[in-house]
Structure formats: C-alpha cells, structure tokens
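Peer 1: Next up is a structure, given as structure tokens.
The values are calculated or read from the model by the stated rules, or taken from the named source; none is laboratory data. Values in this document were obtained by computation on a predicted structure and should not be read as measured data. All Cβ positions, even for glycine, are placed from backbone atoms using ideal geometry, and neighbour counts span all protein chains on display.
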C-alpha cells in the first residue's frame, strides 16, 4: 500500500539467457565479449535457404526451470513466427512461442521482512535473442554474435505488490537459476533482462488500474528505483483526478524518471503463425520425470538441511546455501571430515572475502576442501595459531598445497612451550615499561598490546593463550 | 551418332564407364549446345565455363584413378534459388544482386560428393513465384517447342534447357507445380518428391511447408538416378524425414502387372481442353494395356485447392521474404533517413510485381483479425485435401491426371490477370498441399506442336511406384525422344 | 482474438506498410484491384464445413527433432562482411535507428 492508500500491482517479464554452449537454432558458440560478427553462421544471420534446428539443452533447461517453480510442463508445445521488422532481427521474424509454450503456471516464493509471499507465474517460453545495436553518429551498427542465443521468457501475474518485492523476486529467481545452472545470470553480460508492468488502484477498488510498461531496466536496483518512481507518478496522477495512460515508458536511470516512449506503431501486429521449419515438441511424462531427477536441491531446502544436519545456525546456513558452489564446497569440506561450525566460519569470513577481493569463483581456486579440513584440524590441535592459520589460508587460496606440509617445511608450528616463551615474555615486559605500568594501573587492554609484542618477537608463532597466561602471572604476581 | 549433350545421363554414364567418351568432351559439347540455342531460349542466367571444364577434367582424372561417384563427371544445371558455395544465388531477383553463397545446399553437397559438375544457373520466376518464368527479374525464358510460348514455371529455365538438349539434367523446385508443369510444357520428365524426402537446407525458401527440390530430366531413369543422390534425411533440415532411400532404379524394372491406377473424376471435368483430355486418356489406356487396373476415385476437395494453396503459400512466403532488407547482403537502396525508409525503398526496388503481390496477400491473411478467416481455415482445408488422397490411395497405387489444363501459351497471354495464372495451377497444387509425390512424363503433342504431359501422383514415399509407372509408360512410347524445333542442333558443328 | 474484420476488404496501403514495401500510388491502386479479386476468390473457403477439423501445420508427422549442444565452426568474419552492403568496425551499418 502506498502512503496515499493506493495498492500497486506489478508484473514482470524476465528474459533469461540460457547457459548453453551453442545458440538456440544453430551451432554457433554463445561466448560473451567476442569481436563483432565472429560467432555467426548462415542460420543466425538469416541467409537465404537456411533452416533452424532446436537445441535440446535449451529445452531441457527451460523444463528444469518449470519444474523448479512447480509449473505444468506442456506435453505438446510448438514454436511460432513473430513478425516485425527491425535491424537487430536477422529474419525480420523471431522464432518464439505463442499459444503453446513449454511451461504454464507455477510460483516463485519470496521472503521479505520475515514474510513469505507466492508470486504466480503465467508461463515460461523459449525464443531466440536478437542482435545487438550500437549507435554512432548518423548510423547504427549491428553485431549478430548475440542473435540466436536461447532466451527463456518468464511472465508473472501482477502479484508483486511493491518495488522491494520486485527486487526480491529477481534475486530469488536469479539464485534459483544459478543453482540449477540454467543461466549465469550475469547482469553485466546481459544474461537477465526485465520488462515491468505497473499499475495502482485505490484501496477500495478490486479491478486493477491501467498499467504502464517500463523498459530499459538493466539492473535489479534499477527495477526497484524505476518502480518506486512510477508508482509515485501514477499515484499522484490518480489522486489528482487524472488517468494513467496505457503506454510504454523508458526508464532514465541518470535522471531517475520514466518517460513516455515515442509512439511507434500503436500496437505491433505480430502475425503469429506456427513455425513450419520446426517440428512440435512432445514431452512425455517419462522424459520429464527423468529430467526432474537431474534437478539439484533448491536453496531453501538446502539451507534447512544444513541447519538440521550440521547443527549450524540458520544465519550461517543461509549464507552458505546462497551460492550453490559455495554450498557444494562446504559439504565436501565437512565430509573430509571437519567441524561444521569451523568450516562455516572459515567460508563465511576468509573465503568469501578473498573470493570477492580477487573476483574469483570458488570452483577455480587451488585451495581444496581437503586442505581446508586439514588447516582446521591443525588449528584445533593447537599445532598452529590463528595468525598462522590465516596466513596459510591466504597462501593456499592463491597457490594451493597442503597446510601440514607447509607447516613442517617452514617450522610454523605454534610455540606453546612455556620455557621457550618465558624468555620472550620477559623481553616484552622489559621493552614496554609503560604498558606494564598501564596494566598495573587498571588498563586491562594493555595486556593485549603485550601479547602482540610477544607475538611479534616470536614471529607470530607463539600460542597467544599461553602467552597471555604467562604475562598475567608475571604482571599480577 | 547423337551428340553427347543430347544423351541421357544413364547413357553418358555407360559411355564414361566404357571409356568411349570423357567428361571434358561432354561438357565441351554441352557448352557448345548452350551457345547454339540459349541465345533464343534464355534459359541460363549464368554459365560456369571455366569451372565446369576444370571440374570435368578433375572428374576424368578421378575416374581414371578408380573414382566411383554415381554422377562422376556428369554436368548438372542448377535452378537459381539453390545455394552453391562461391556462386551468386539470385533467385532471379534483383534484391539479391551481389549476394554470393558461402555454403552449399545439402542437395548440392550430395551431388558434389558424387562427382557432379555444376555447369550453370537456370532462369526461374522470381523467388519461384509464377507458372511461366515471365516473372524472372531479368528476362523470360522461351519454350524450345515454340519460342513465342512460355516454358512454364517457376523452373522454366531448367525445363527449357533439358528439353532443348542444352542441359543433360537439371535441379528444379516444386512448391505448387513448379517442376511438373514446366516439365509438361517442355516435354521432359519432372519429379516432385514427397515433402521431407529431400533436404531443403540451402533451398531459398518460398513456402516452407510446400517446397521440395527435384530433377528435370530427359527420361524417368535419369530422374530416379538423381533422386537417389539427393534424397535422404538431413539433420540440418528438421522437416526432412528419416526414411531409408531405396534403390529407385531397381523400381523401374517391374511391369505394371498388379498395379492399380486411380482416375479422379474432379480432374477430368467437362470443360477440360479436348487435346489434353485425349492425350491423357490415350496414356491411361496404354497403362491398362501394359497390365495396370484402372479404378475411379474421387478427390472431392480439389476445387478448394487453389484457394488453400494461395493462402498458405503466400503467408509463409511473406515471412520467408522478410529477411530481404538490405542489411546483411544483397541490394540496398542508399540515402534513406532511417531503417524503415531503407527497408521500404530497397524492397520496392528489388522485388518484382508478382513477388510484391504475394507478399501483400500473405501478410494480409496473417494479419490481426484475418488469421482465423484465412490462414487457419486454409490449414484445415489442407487437412481435408490430404485426407482425400489418403482415402484414394486406399483404393489404388497411383493416380493419373493431366499436369495442366492447357499446353504452353504465348508469352504475355496470362500476365494481365494474376488470378488467371493462379487458376492454371489447379492440377498440381493439391500434391504439394498433401505432401505427396508426383511425376510428369510427356504423353503427346497438341496440333500446334506443343507438349502434353501425364501426371502420376503417388502416396507419401511412393516414388518407387510412380517411377515404375512412368518408366513403363515412357518406354512403350516415343514421346520422350521427340526433339523440339529450337533444340540445339543434332550435330555439334552446325 | 481481435474481432473478425470483414473478409475480402484488403487495405493494400496499410498491408504494404506492414510488409515494408514502399509502393507508389499507382501501384497501390493496381494491387488493390488485383488483390481484391484474388481475395474474393479465396473467400470461397468459407463454404467449407471445417468444424472439428485439425489444421495441418506440417505435412509430415515428425516430432522432437533436436540437436546436441555442440559447437560447430560458422562463417569467418571476412566471409560475413564480404556480403555486407555497408559495414564499418566489423559491424553491419544501417541508417541511424530512431528509438
């Protein structure tokens, strides 16, 4: 509900680029960032005489997505030609699905402020992506590398009630798709694009208001910001006695406003008809059930299982389960075996931090689960201290190896022997009379400083607990 | 002795195998024949002299080395809408000026693999839209039986060249009769395979659910030979069917004993041209003499076939031809302010009248508010037409009909009224709608000396049957040996 | 589905724009005449009783024709640009697209 008592209704049309090696209807690669017009063939260029051939993996991934959201997988579906002329269209018709899509129905459950809400999905269908336009001075350039990339379109009912919910929907969807490896969902690469329908109505009205369509939303935050603006705009209009026009509006992220787009054709006449070059897709129950078995455990279920099976807090489970590959890594490490809470701590702190800093994927780092498990054991056995452990972690992260070997080779074993430490403790006390005085004067924090001094003297190898104990004895005694 | 370029392909293969001629000699003679008669006929849009001779030379060498391609060293003519790597593929249209095909159509690749030599590109109605080759973007082709007459269309160049001995065998395409009707008008053999029998990959699309590639040849045996090479499943064509390719030549040896032939009453209506009726009836009688049984069948939805065809074909064509916009290849009209203007001007300048007509009709029948009344209705009518044939083939093995309601007419005679031209396709379009196969064989001449042909229709994948019937009939007559007046002279040195 | 417009009432000028054909006035006039006649002819399909008849979208009864997700080489950049009417910086150029 807006502050003026209007209820927003938001529907999304999300276009997701599927994670296939080749395009939807030809065998060109789908790599991103290649020089223009280098990943093309007569088919995706719309040359005379070419014919499309369906990429089975694209069908598979779309069906998996449908299964994940509990949609009905159509036993019979087909492709249609959607005709319109535009420079980014190699054939000036797009092969899409009109009235018999691959999936119908289903829901995506979002959680916001502790509340759960089900957003209904109308349908999921498959189509081919268009080329990329670039604008120069008096001309536009077209790169067909992207043309023909498989695109999955997910259309929701207008169940979304606020910009925050829309954002959460997209985040949840992205997580689900990344989990099932359906899409890389990399916004910079344009893997996931969104059009939004938005209307508001007075609280006492049941029928939805007139909706506007928002385009050019390139980030999830952009979706949220655009919706916030648009809802305000519509609310102001209506409460001022005006009416909302059904139109397409362009989001200007810099100015923070939506603007009515130049009216092109009032409504496209797409002249849909069944694609004669492609045969129907018949998905019988046995095939779909077989594909259902290839679905990974979903994030929500995995989080619950982590908390239950490994006895870690909900919060930890949530962080770990958020990314499928991090979750996989976690489980492999715990099964080495290693203490679940310790593994969780290391992943949530050092691991995620270093992954972000170095912009790496956890699957590509040399630090193997077995090595992490060994590091944790060395720490538990008090063979090494935390400082050493953190340094080793960083090194293993960058260069691999096994911590036990490194500790042995470099003599990194923690020094806990009191005799050995005694000398350094004495030295630290002698070198820092002020801290001694501070401590004896009531500043307990000075102890930590002195511990640090001993650590420095021991080149980090002293067992800090033992050091603290020795210092305390000497200072208090 | 007959000159080489006037022999059938199987005769040439015999001589090549026996070593009594070379492929180079065949191609040289063919090029000379083309020089002699094509200035009158205009069947060729381009002739690949050097390349063809080079390929013939290579074929001779390969043969000497033990090479065994089924068509090794045989020159083949190609209708201008088949993509041949490195050659222009203009579809007889100005909108494709400048376009060079970077790939081979599958049918072309298969011919190449069997050693065929591509000798030139043959004239056609622009984008295969027409029944007389008068819609070519360049010039009409003339009928070798009477150069004032049309050769038929859209594969008019292919038919005229084969009939005139200016081409040993040619590829054509058939969407509504475009192989069978010109073959009939020019007195040669033409075969439309079952839909899905031959890959459409590389065939510039006119109507996707109707188009098929097929041979135009001097006799039925040659057609069987060529079909064997080009037929077969292609993973690049999702509409191609995975059915084994039989030995079509073996099918030719059987007599007509035990064959039942159906005569559809709807094709022999009261108003049918008397000469056509008599010639076809004589052919029917000959088939009975050869051992076939005759039965009457009915194809009740025949009168609706033209309407059904012109809705479906133009609808599919309107989408298939949308890609010709000057962006990626072909003609582009410059000095346009924006892409919309560029498209409009390029397409207006590049397409001829008939193409524009069909694009507009096709766009209309798919447009909002009209889809149900036209396109959807036509697809349902198509089901009824298909069922007519299925029912009829329950009573007979093949169906005999005339190919066209008239023989070849004069150039310009039917260009005034497009509808007149469309109505002349009545006997050929049903086979495309039903997806079945059809063969045209010559069966007579009119009083004016123009060819009349018999059409033999078979069920889906019934090519062995129609080839058998066609061959038996052909071998019992001399029609296939008749030479048109404007054919290349019988001696190469004339 | 939009309401059924009156069959046989083809507006050539409008349809030509949908199909991106820039026709002259005299062309439109001629085509209007010719195509009205053709449309009137094909309207005869309205005579048929098509209740319960399935449309034939494909002449063959094939289904599930798929391809493995395996890359194959396409065209080289040079081959592609060789056919381009106007190009620069490796891209196909068109007059500036107005959004």
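Peer 1: Hey, among the residues in the range A:206-236 that are touching a residue at least 24 places away in the same chain (Cβ under 8 Å) and assigned to a loop (DSSP other than H, G, I, E, B), which one's nearest to residue A:166 (Cα to Cα)?
Peer 2: Per the stated criteria, the residue is A:219.
Peer 1: If you take the residues in the range C:68-83 that are facing chain B (nearest Cβ under 7 Å) and buried (at least 18 other Cβ atoms within 10 Å of the Cβ), which one is nearest to residue B:97 (Cα to Cα)?
Peer 2: Ranking the candidates gives C:83 first.
Peer 1: If you scan the range C:47-66, which residues turn out to be within 7 Å of chain B (Cβ to nearest Cβ) and either in contact with a helix residue (DSSP H, G or I) (Cβ under 9 Å, 6 or more places away or on another chain) or crowded, with 18+ Cβ neighbours inside 10 Å (or both)? Full working, then the answer.
Peer 2: We begin by selecting, within the range C:47-66, every residue within 7 Å of chain B (Cβ to nearest Cβ); these are C:48, C:50, C:53-60, C:62, C:65.
Of everything in the range C:47-66, those that are within 7 Å of chain B (Cβ to nearest Cβ) and either in contact with a helix residue (DSSP H, G or I) (Cβ under 9 Å, 6 or more places away or on another chain) or crowded, with 18+ Cβ neighbours inside 10 Å (or both) turn out to be C:48, C:50, C:53, C:54, C:55, C:56, C:57, C:58, C:59, C:60, C:65.
Peer 1: Another question about this same structure. Restricting to the range A:123-142, name every residue that is buried (at least 21 other Cβ atoms within 10 Å of the Cβ), facing chain C (nearest Cβ under 9 Å) and in a loop (DSSP other than H, G, I, E, B).
Peer 2: Of everything in the range A:123-142, just one residue is buried (at least 21 other Cβ atoms within 10 Å of the Cβ), facing chain C (nearest Cβ under 9 Å) and in a loop (DSSP other than H, G, I, E, B), namely A:131.
Peer 1: Would you pick out the residues in the range A:26-53 that are over 28 Å from residue B:96 (Cβ atoms) and facing chain C (nearest Cβ under 7 Å)?
Peer 2: Step one: of the range A:26-53, the residues over 28 Å from residue B:96 (Cβ atoms) are A:29-34.
Across the range A:26-53, the qualifying residue is only A:29.
Residues are listed down the side, and each one gets a yes or a no for (1) over 21 Å from the mean Cα position of the chain (by Cα); (2) modelled with pLDDT of 95 or more:
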{"residue": "C:7", "(1), (2)": "no, no"}
{"residue": "C:21", "(1), (2)": "no, yes"}
{"residue": "C:27", "(1), (2)": "no, yes"}
{"residue": "C:58", "(1), (2)": "no, no"}
{"residue": "C:61", "(1), (2)": "yes, no"}
{"residue": "C:69", "(1), (2)": "yes, yes"}
{"residue": "C:81", "(1), (2)": "yes, yes"}
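Peer 1: Of the numbered conditions (1) free of Cβ contacts under 8 Å to residues at least 60 places away in the same chain; (2) under 30 Å from residue A:360 (Cβ atoms), residue A:475 fails exactly one; give the number of that condition.
Peer 2: (2)
Peer 1: Moving on. Of all residues in the range B:191-229, count the ones that are more than 19 Å from residue B:156 (Cα to Cα), part of a loop (DSSP other than H, G, I, E, B) and within 14 Å of chain A (Cβ to nearest Cβ).
Peer 2: 8
Peer 1: Report yes if residue A:276 is within 14 Å of chain B (Cβ to nearest Cβ) and farther than 22 Å from residue A:154 by Cα, otherwise no. Walk me through how you get there before you give the answer.
Peer 2: Values: within 14 Å of chain B (Cβ to nearest Cβ): yes; farther than 22 Å from residue A:154 by Cα: yes.
In short, yes.
Peer 1: For the range B:88-106, what are the residues that are more than 19 Å from residue B:200 (Cα to Cα) and in a loop (DSSP other than H, G, I, E, B)?
Peer 2: Listed by number, the residues that qualify are B:93, B:97, B:98, B:99.
Peer 1: Taking the condition assigned to a loop (DSSP other than H, G, I, E, B), touching a strand residue (DSSP E or B) at 6+ places or on another chain (Cβ under 8 Å), modelled with pLDDT of 95 or more and surrounded by 24 or more Cβ atoms within 10 Å (Cβ to Cβ), does residue A:12 pass?
Peer 2: Numbers: assigned to a loop (DSSP other than H, G, I, E, B): no; touching a strand residue (DSSP E or B) at 6+ places or on another chain (Cβ under 8 Å): yes; modelled with pLDDT of 95 or more: yes; surrounded by 24 or more Cβ atoms within 10 Å (Cβ to Cβ): yes.
When the stated conditions are applied, residue A:12 does not pass them.
Peer 1: Something else now. How about the range B:88-133: which of its residues are in contact with a helix residue (DSSP H, G or I) (Cβ under 7 Å, 6 or more places away or on another chain), farther than 22 Å from residue B:317 by Cα and free of Cβ contacts under 8 Å to residues at least 60 places away in the same chain?
Peer 2: B:102, B:115, listed by residue number.
Peer 1: Still on this structure: Assess whether residue B:401 counts as being in contact (Cβ under 8 Å) with a residue 12 or more places away in the chain and in contact with a helix residue (DSSP H, G or I) (Cβ under 7 Å, 6 or more places away or on another chain).
Peer 2: Working: in contact (Cβ under 8 Å) with a residue 12 or more places away in the chain: yes; in contact with a helix residue (DSSP H, G or I) (Cβ under 7 Å, 6 or more places away or on another chain): yes.
Here the answer is yes, as residue B:401 does meet what is asked.
Peer 1: Tell me which of these residue C:86 doesn't satisfy, since it passes every other one: (1) surrounded by fewer than 19 Cβ atoms within 10 Å (Cβ to Cβ); (2) facing another protein chain (nearest Cβ under 7 Å); (3) closer than 25 Å to residue B:322 by Cβ; (4) in contact with a helix residue (DSSP H, G or I) (Cβ under 8 Å, 6 or more places away or on another chain).
Peer 2: (4)
Peer 1: Taking the range B:302-323, which residues are at the interface with another protein chain (Cβ under 8 Å from one of its Cβ atoms), touching a helix residue (DSSP H, G or I) at 6+ places or on another chain (Cβ under 9 Å) and farther than 14 Å from residue B:423 by Cα?
Peer 2: Within the range B:302-323, B:315, B:316, B:318, B:319, B:322 meet the criteria.
Peer 1: Further question: Does residue B:270 qualify as being free of Cβ contacts under 8 Å to residues at least 24 places away in the same chain and either crowded, with 22+ Cβ neighbours inside 10 Å or in a loop (DSSP other than H, G, I, E, B) (or both)? Write out each step before concluding.
Peer 2: On the way: free of Cβ contacts under 8 Å to residues at least 24 places away in the same chain: yes; either crowded, with 22+ Cβ neighbours inside 10 Å or in a loop (DSSP other than H, G, I, E, B) (or both): yes.
Considered against the rule, which asks whether it is free of Cβ contacts under 8 Å to residues at least 24 places away in the same chain and either crowded, with 22+ Cβ neighbours inside 10 Å or in a loop (DSSP other than H, G, I, E, B) (or both), residue B:270 comes out as yes.
Peer 1: Looking at (1) away from chain C (no Cβ under 12 Å); (2) not in a loop (DSSP other than H, G, I, E, B), which is the one condition that is false for residue A:4?
Peer 2: The number of the failed condition is (2).
Peer 1: So which residues in the range B:441-494 are over 26 Å from residue B:405 (Cβ atoms), in a loop (DSSP other than H, G, I, E, B) and in the same structural domain as residue B:259 (by TED's automatic domain parsing)?
Peer 2: B:461
Peer 1: Can you name the number of the only condition in (1) surrounded by fewer than 14 Cβ atoms within 10 Å (Cβ to Cβ); (2) more than 7 Å from chain B (Cβ to nearest Cβ) that residue C:93 fails?
Peer 2: Only one criterion in (1) surrounded by fewer than 14 Cβ atoms within 10 Å (Cβ to Cβ); (2) more than 7 Å from chain B (Cβ to nearest Cβ) is unmet by residue C:93, namely (1).
Peer 1: Could you figure out which of (1) under 44 Å from the mean Cα position of the chain (by Cα); (2) surrounded by fewer than 14 Cβ atoms within 10 Å (Cβ to Cβ); (3) not in a helix (DSSP H, G or I) isn't true of residue A:460?
Peer 2: (2)
Quick grid of which residues meet (1) farther than 23 Å from residue A:140 by Cβ; (2) at pLDDT 95 or above; (3) outside any strand (DSSP E or B):
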| residue | (1), (2), (3) |
| --- | --- |
| A:32 | no, no, yes |
| A:35 | no, yes, yes |
| A:38 | no, yes, yes |
| A:47 | no, yes, yes |
| A:51 | yes, yes, yes |
| A:59 | yes, yes, yes |
| A:63 | yes, yes, yes |
| A:82 | no, yes, no |
| A:94 | no, yes, no |
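Peer 1: Answer yes or no as to whether residue A:68 is facing chain C (nearest Cβ under 8 Å), farther than 27 Å from residue B:330 by Cα and surrounded by fewer than 24 Cβ atoms within 10 Å (Cβ to Cβ). Steps first, answer last, please.
Peer 2: Values: facing chain C (nearest Cβ under 8 Å): no; farther than 27 Å from residue B:330 by Cα: yes; surrounded by fewer than 24 Cβ atoms within 10 Å (Cβ to Cβ): yes.
No; evaluated as a whole, the condition is false for this residue.
Peer 1: Ok, one more. Do we find a residue being within 14 Å of chain A (Cβ to nearest Cβ) and closer than 30 Å to residue B:310 by Cα anywhere in the range B:241-254? I'd like the intermediate steps shown before the answer.
Peer 2: Narrowing the range B:241-254 to residues within 14 Å of chain A (Cβ to nearest Cβ): B:241-242.
This time we only want the ones that are closer than 30 Å to residue B:310 by Cα, so: B:241-242.
Among the residues of the range B:241-254, at least one is within 14 Å of chain A (Cβ to nearest Cβ) and closer than 30 Å to residue B:310 by Cα, which makes the answer yes.
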